[in-house]
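*Asks:* If you scroll down you'll find the structure; I have some questions about it.
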Amino acid sequence: MSDLRDLYQETIFDHYRQPRNFGRLQGANRRAEGYNPLCGDKVTLYLRVEDGVICNARFEGSGCAISTASASLMTENLKGKREEEALQLFDKFHGMVTGSTMTNDLGKLAVLAGVTEFPQRVKCATLAWHTMKAALQNIGEPVTTE
Amino acid sequence: MILDNLFQSLSYYDESSEKYGVHSWRADFPILETSVHGKPLVYLDNAATTQKPLAVIEAESLYYRHDNANVHRGVHLLSQRATDAFEAARFKVQHLINAVSPDEIIFVRGTTEAINLVAQSYGRSRFKAGDEIILSRMEHHSNIVPWQILCEQTGVNLRIIPINNSGELELEAYNQLLNLRTKLVAVAHVSNAMGTINPVRAMIDLAHVHGVPVLLDGAQAIAHLPVDVQSLDCDFYAFSGHKLYGPTGIGVLFGKAALLEAMPPYQGGGDMIRSVSFDGTTYNTLPYKFEAGTPNIAGVIGLGAAVDYLAGIGFDALIEHELALLAYATQSVSDIPGLRIIGNALEKTAILSFVLEGIHPHDIGTILDRHGVAIRTGHHCTMPLMEHFGIAATARASFALYNTRTEVDKLVEAIYHVKELFGR
Ligand SMILES: Cc1ncc(COP(=O)(O)O)c(C=O)c1O
């Protein structure tokens, strides 16, 4: 069951049990909702963007360990990033969890690399990320992982 | 590992307690030999779809190898053989549910299409704005959405029977929902998310007092209970072949002949007409009026084989085995700290839905899968029901005739592994 341990690493449990940046963000100027129809996971992402820089990011919602930890780690990572950098990070992260590109500069986000062995869980890992993309593009409709 | 030792001592599995030849039944299902992730498959997702016995697989294959032809249209021998096999299956289904006539058996794609057929043919031609349809809180989306579409088309309203915290319908509330505007009651015979067996006989009697017809969604009942549409006196009964050890893509709508006769066709095309001209078309008689186009011939023949297979086992043996398994599983999981069963109805089929404190069902499903245990996690296409319990999802183990106590033990063991991994 080594791949289970690879998927469910301590950092993931930590962020699942104590999600960082959890709750509404007062003064957010970007917001998007994400929904995974497969498992009913929901996430609402709030961003404060000033002069093209994400100065704050928070999220709300309920989900599995993978989607919650991914959202928590993502919000930590986004702070201080320029919008373009955030979108580049999306591509790198997506490449990592789908196994389509190799990256070794994702820092703490690398704990989610174990998802590649669990194709059914890629949508859990990417839910918050798709929502972030939508928030930056200011798409009003809830995004889904479909 | 400590856990493994614990399980050796916990395991009170006794071969002889499974007196109904479950091991010979298992041998009928080739897929049960499969391994997943290097573990023997423990298939507990039978409410989603059941596995297929060799008899069903062979019936389809033999049809394609020896008899394949279109039905009802040829004078040649193969067409005759295909038609005979196809119509023989209709008789088998008629006897399975004790319909008065084979004309009352309409072949459709599945439960979903059967319900859509009734909504669009029966409902759309008869219901008016302000009329009411009664559903229940525990319905599968396929017994909700077709009616919502009808609401948009006709202005009818839905009324919903509430449920209690054991997952049983509130019959007093149902009684009060029935009124002069009620045009139809459409409820599950058995709940797919909880296994609750609804008291449909009494509900139908009540509806009939008000002159209201009743459609039963039998998707989860047909393989687990004897169904007798005459003694139930239901007006429509819908089920899917694939939950009955038969193929996917084939299902049945039973309707009382008088109702079906009076209904307009659902789809137009070949086979459902008697004659066509540009001045007007006359429709075929039952059941063909509702079977437009070339049907799923192999599916129907496979379904016939599944019905025969089930008849060979018999509901008495099957029910005794499945209920013993449910009791064993319920007792085994109830010792697991933090586990809560969703759906504790007094009358249940062998479905065990549960949640674990602090662990999302989706994570449970992934971890169980790596232990070879296939269960379903999610909302089970019953989002209003999940909302009632204030949860987004459950983990659901659903049993079939080929499951064993050893497999229940493996389920329980795997749940302990989930808890161990999550440090709970
Ligand atoms: C209670 C119930 N109704 C309807 C359906 C829909 O059946 P199908 O998808 O075979 O049309 C199912 C199965 O998913 C079910 O469990």
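The values are calculated or read from the model by the stated rules, or taken from the named source; none is laboratory data. Note that the coordinates shown come from a computational prediction; the quantities given were computed from them, not determined experimentally. Cβ: placed from backbone, ideal geometry, glycine included. Neighbour counts: every protein chain shown. Areas reflect the complete protein model, heavy atoms only, side chains present, ligands, DNA and RNA absent. Shrake-Rupley method; radii C 1.70, N 1.55, O 1.52, S 1.80 Å.
*Asks:* How shielded is A:31-43 by partner chains, expressed as the average number of their Cβ atoms within 10 Å of its Cβ atoms?
*Replies:* 3
*Asks:* Next question. Using Cα centres only, tell me the gap between region B:319-359 and region B:61-100 in whole Å.
*Replies:* Region B:319-359 and region B:61-100 have Cα centres separated by 41 Å.
*Asks:* Quick one: grab Rg to one decimal and Dmax as a whole number for region B:57-311, Cα atoms only, in Å.
*Replies:* Over region B:57-311's Cα set, Rg and Dmax evaluate to 18.5, 60 Å.
*Asks:* Which residues' amide hydrogens lie under 5 Å from the amide hydrogen of B:ALA292, considering only partners 5 or more residues apart or on another chain, with H built in the peptide plane?
*Replies:* The list, which skips near neighbours in sequence, is B:GLN267.
*Asks:* So, taking all protein chains as they sit and a 1.4 Å probe, how much accessible area belongs to B:VAL418, in Å² rounded to tens?
*Replies:* 0
*Asks:* A further question on this structure: Leaving ligands and nucleic acids out of the surface, order B:HIS242, B:HIS95 by accessible area at 1.4 Å, largest first.
*Replies:* B:HIS95, B:HIS242
*Asks:* Mind listing the long-range amide H neighbours of B:ASP45? Cut-off is under 5 Å, sequence gap 5 or more, other chains count too, H placed in the peptide plane at 1.01 Å from N.
*Replies:* Answer set, sorted by chain and number: B:SER398.
*Asks:* Let me ask you something else. Which value, in debye to the nearest 20, describes the size of the charge dipole of the protein assembly as shown about its Cα centre when Lys and Arg Cβ atoms bear +1, Asp and Glu Cβ atoms bear -1, and nothing else is charged?
*Replies:* The dipole magnitude comes to about 1120 debye.
*Asks:* What is the mean number of Cβ atoms from other protein chains located within 10 Å of the Cβ atom of each residue in peptide A:62-70, rounded to a whole number?
*Replies:* Going residue by residue through A:62-70 and averaging, the value is 4.
*Asks:* Continuing with the same structure: If amide hydrogens are placed 1.01 Å from N in the peptide plane, which non-local residues have theirs closer than 5 Å to the one on B:VAL36?
*Replies:* Under 5 Å from the amide H of B:VAL36 lie the amide H atoms of B:LEU41, each far enough along the sequence or on another chain.
*Asks:* Under 21 Å from the Cα of B:LYS183, which lysines turn up, not counting those fewer than eight places away in the same chain?
*Replies:* Output for B:LYS183: B:LYS128, B:LYS256.
*Asks:* Measure out, as a whole number of angstrom, how far apart the alpha-carbon centroids of region A:1-63 and region B:181-208 sit.
*Replies:* First find each Cα centre; the distance between them is then 41 Å.
*Asks:* Something else about it: For chain A, what does the helix formula give at 222 nm: sum of -39500 (n - 2.57) over DSSP H segments with n ≥ 4, over the residue count, nearest 500 deg cm²/dmol?
*Replies:* -12500 deg cm²/dmol
*Asks:* I'd like the accessible area for B:ASP67: 1.4 Å probe, protein heavy atoms, all chains in place, Å² to the nearest 10.
*Replies:* That residue has around 40 Å² of solvent-accessible surface.
*Asks:* Heavy atoms only, 1.4 Å probe, whole protein assembly: order B:GLU261, B:GLU413, B:GLU291 by accessible area, highest first.
*Replies:* Descending accessible area places them as B:GLU261, B:GLU413, B:GLU291.
*Asks:* Here's something else I'd like to know. Would you list, by chain and number, the lysines whose Cα falls below 21 Å from the Cα of B:LYS243, excluding same-chain residues fewer than 8 positions away?
*Replies:* In chain and number order, the partners are B:LYS52, B:LYS92, B:LYS348.
*Asks:* Let me ask something additional. Report the trypsin sites (Lys or Arg not before Pro) located in region B:44-94 that are in a DSSP loop and have at most 13 other Cβ atoms inside 10 Å of their Cβ, or state none.
*Replies:* Those that pass, being in a loop and sparsely packed, are B:ARG73.
*Asks:* Now for a separate question. Cross-link partners among aspartates and glutamates for A:LYS81, C-alpha distance below 14 Å, same-chain residues fewer than 8 apart left out?
*Replies:* Counting by Cα, and skipping residues close in sequence, A:LYS81 has these aspartates and glutamates nearby: A:GLU50, A:ASP51.
*Asks:* Give me a comma-separated list of calculated 3J(HN,Hα) values for region B:157-173, in order, Karplus coefficients 6.51, -1.76, 1.60 applied at θ = phi - 60°, integers in Hz, x for any Gly or Pro.
*Replies:* 10, 9, 10, 10, 6, x, 10, 8, 6, 7, x, 10, 5, 8, 5, 5, 5
*Asks:* Across peptide B:367-373, how many C-beta atoms of other chains are within 10 Å of each residue C-beta, on average? Please report the intermediate quantities before stating the final value.
*Replies:* Working: counts 4, 0, 3, 6, 2, 0, 0.
Average neighbour count from other chains, rounded to a whole number: 2.
*Asks:* Using +1 on the beta carbon of Lys and Arg, -1 on that of Asp and Glu, and nothing else charged, what's the dipole of chain B about the Cα centre, debye to 20?
*Replies:* Working: 31 positive and 45 negative charges, 160 e Å.
The calculated dipole for chain B is roughly 760 debye.
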